[in-house]
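Visitor: Submitted below is the structure of interest, expressed as structure tokens.
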Amino acid sequence: MADKHILHMLSPLRHVSPFDVNMALDAGFDAVLPYGKVNHEEVTSLVQDAIFSRPPKLAAKTGIFIGGKDALVALDMMESAKSAMVPPFVISLFADPAGSFTTAAAMVARSERLLDKQHGRGLDGLRLAVFGATGVVGFAAAVIAALEGARVTLVGHDGGARVSRSAAEIANRFSVTVQAADGSTDERKTAILQQAEAVFCAGCGRQRGASGRDGGPRCHGRWRNAGRGCAWSRRAGDRGHEVPHRVWSVSENDRKRQGGPLRFPRRVRFCP
């Protein structure tokens, strides 16, 4: 009997994302089995069916993927899956709701690289504003950056109420402190950008985050690099319905020289 690579894909939504199914098959799995409308209580039985049907030597060829669109629900399902393991029957687990964990991790990793290369520093102590912070990508990026020492502010395009709840949830679950700010007007966005050293724009295409008029980067359209300030984008094509997620950083010298928030010049280019 052939030893197949098998991936079981769980989602609390009605359907498992076709994007995730395609990615799994293109990655080389022999069989990909989607399970929709999975609730928290069902995770244990599904995982144990997967682990006990194969010998421990095939653990490396059996995996559980947890999707959906809610980061906290995915993490709860992940914990249930971990608790269902019975050594030596232990298989691989991976959660990535709406592609948010991998996208957020890439944003933070790319930011660290750019900060080190262009400013000789890391995330520790960095004043970071996250636009689109109530979305799953912005939420995850804020958590990762805060855990790495950044001074994170969640910016709410519709006021401060929802981001305040998100900040409280982050403090409760991850034991890190982030701030919440009302970014519902251009004036409030400008005030936030004047205090920020870096910006993540992770809002959906229907929402306007920071724009050139606010003294910051545009959250839609192409990229730009100005002096020592830099910007980076994940192209929208990576996840069809999402806008590019970008990072913007500005040195204090740029800010002082221009007498306020960095204004981008006409000449633009993609960051390396």
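The values are calculated or read from the model by the stated rules, or taken from the named source; none is laboratory data. Note that the structure is a prediction, hence the values are computed from the model and not measured. All Cβ positions, glycine included, derive from the backbone under ideal geometry; neighbour counts span all protein chains shown.
Visitor: Considering the stretch 45-90 alone, what residues qualify as being part of a loop (DSSP other than H, G, I, E, B) and of a type in the set (Asp, Glu)?
Guide: Asp70
Visitor: So, one more: Which residue out of Val163, Val178 is at pLDDT 95 or above, touching a helix residue (DSSP H, G or I) at 6+ places or on another chain (Cβ under 8 Å), aliphatic (A, V, I, L, M) and within 15 Å of Val143 (Cα to Cα)?
Guide: Unique residue meeting the criteria: Val178.
Visitor: I'd like to check something: does the stretch 83-91 contain any residue that is outside the structural domain of Glu169 (by TED's automatic domain parsing), under 23 Å from Gly132 (Cβ atoms) and of a type in the set (Gly, Ala, Ser)? Full working, then the answer.
Guide: Restricting attention to the stretch 83-91, the residues satisfying the condition of being outside the structural domain of Glu169 (by TED's automatic domain parsing) are 83-91.
With the extra rule that they be under 23 Å from Gly132 (Cβ atoms), the set shrinks to none.
Within the stretch 83-91 (the criterion being outside the structural domain of Glu169 (by TED's automatic domain parsing), under 23 Å from Gly132 (Cβ atoms) and of a type in the set (Gly, Ala, Ser)), the answer is no, since none of the residues qualifies.
Visitor: Restricting attention to the stretch 144-155, which residues are crowded, with 23+ Cβ neighbours inside 10 Å and either part of a strand (DSSP E or B) or touching a residue at least 60 places away in the same chain (Cβ under 8 Å) (or both)?
Guide: To start, the set of residues in the stretch 144-155 that are crowded, with 23+ Cβ neighbours inside 10 Å comprises 145-146, 150, 152-155.
Within the stretch 144-155, Val152, Thr153, Leu154, Val155 meet the criteria.
Visitor: Right, here's the next one. Return the residues of the stretch 84-108 that are exposed (fewer than 15 other Cβ atoms within 10 Å of the Cβ) and closer than 23 Å to Gln179 by Cβ; say none if nothing qualifies.
Guide: The answer is Ala105, and nothing else.
Visitor: Here is a list of conditions, (1) on the phi < 0 side of the Ramachandran plot; (2) under 18 Å from the mean Cα position of the chain (by Cα); (3) not acidic (Asp, Glu), and Gly132 meets all of them except one; can you say which number that is?
Guide: Condition not satisfied by Gly132: (1).
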